[in-house]
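This report refers to the structure that appears directly beneath it.
The values are calculated or read from the model by the stated rules, or taken from the named source; none is laboratory data. Model, not experiment: these values are computed from the prediction. Note that each Cβ is placed from the backbone with ideal geometry, even for glycine, and that neighbours are counted across all protein chains shown.
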Amino acid sequence: MAERKYHHGNLRAALLAAARQALEANGPASLSLRALARAVGVAAPSVYNHFAGLEALTLALAREGFAELAAYLEGAGHDPLEVGLAYLAFARSNPGLYRLMFGEGRRDDSAEGEELRAQRKAAFAPILALVDSREMALHDWALVHGLASLVIDGQVPLGEDPEAQLRAILTQR
């Protein structure tokens with residue numbers, strides 16, 4: 001018997017949720033519109049009613065990611081160390097999404113990427129507000145971003161108390 005396809009109440013949201021699951025399970029390279037359609041139980045052409053293609057879907061995921069990252073950073077207050085720890089917490093909680101947001105080819109210079117660029121800028125506003133210069137902000141971001149990438153890729157193994165270990169790493173200057 002053929003698999004039954006059905007109408008979805010909010011197919012866009014269901015596709016994004018399925019894409020998030022696939023990202024976290026298998027990384028950005030695993031994303032496929034056909035597989036996502038199958039995961040939510042619709043015919044593959046239905047996906048194109050919501051996303052022009054895989055790039056449009058990944059752009060939407062990245063937008064969601066930067067909005068979530070902004071919430072993490074804003075929730076950290078005005079202490080640079082806490083903002084750094086919040087950035088690390090986001091990366092550790094969402095490694096697949098983090099890789100998608102900052103991965104190879106994620107420049108989004110197209111007109112469609114304008115909203116993403118605005119969200120990226122808004123996400124980093126708390127970091128810029130805590131330092132005296134753009135150069136210092138870039139220094140701090142490079143430190144935290146590099147550490148986040150190393151941690152989620154398993155290059156920096158964390159012990160029994162990861163937050164204390166990360167706090168110790170970030171306070172070494």
- Here the residues within segment 93-113 that are at pLDDT below 80 and either part of a helix (DSSP H, G or I) or under 12 Å from ILE152 (Cβ atoms) (or both) are ALA111, GLU112, GLY113
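Here are some residues: LEU97, LEU81. Which one is out of contact with any Gly (no Cβ under 9 Å at 6 or more places or on another chain), over 17 Å from LYS121 (Cα atoms), touching a residue at least 12 places away in the same chain (Cβ under 8 Å) and among the aliphatic types (A, V, I, L, M)?
Numbers: LEU97 fails: out of contact with any Gly (no Cβ under 9 Å at 6 or more places or on another chain).
Step by step, each of LEU97, LEU81 is checked, and only LEU81 is out of contact with any Gly (no Cβ under 9 Å at 6 or more places or on another chain), over 17 Å from LYS121 (Cα atoms), touching a residue at least 12 places away in the same chain (Cβ under 8 Å) and among the aliphatic types (A, V, I, L, M).
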- Message: For segment 132-155, check the following and say yes or no: at least one residue is under 30 Å from SER32 (Cβ atoms) and among the basic types (Lys, Arg).
- Response: no
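Out of the residues in segment 68-80 meeting the condition of being surrounded by fewer than 14 Cβ atoms within 10 Å (Cβ to Cβ) and of a type outside the set (D, E, K, R), tell me which one is farthest from THR171 (Cα to Cα).
Of the residues in segment 68-80, the ones surrounded by fewer than 14 Cβ atoms within 10 Å (Cβ to Cβ) are 71, 75, 77-79.
Of the ones still in play, those that are also of a type outside the set (D, E, K, R) are 71, 75, 77-78.
Values: ALA71: 23, GLY75: 20, GLY77: 17, HIS78: 16 Å.
The extreme case among them is ALA71.
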- Tell me, yes or no, whether segment 157-168 has at least one residue that is within 20 Å of the chain's Cα centre (by Cα) and among the small types (Gly, Ala, Ser). no
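Only residues that are of a type in the set (Val, Ile, Thr) and either modelled with pLDDT under 95 or assigned by TED's automatic domain parsing to the domain that holds MET101 (or both): list them for segment 4-41, please.
Just the residues of segment 4-41 that are of a type in the set (Val, Ile, Thr), to begin with: 40.
The answer is none; no residue qualifies.
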- Message: Whether any residue in segment 121-132 is at pLDDT 90 or above and either assigned to a helix (DSSP H, G or I) or farther than 25 Å from GLU24 by Cβ (or both) is what I want to check.
- Response: no
- Task: Among the residues of segment 20-54, write down those that are within 30 Å of VAL83 (Cα to Cα), of a type outside the set (Gly, Ala, Ser) and over 11 Å from the mean Cα position of the chain (by Cα).
- Result: GLN21, ASN26
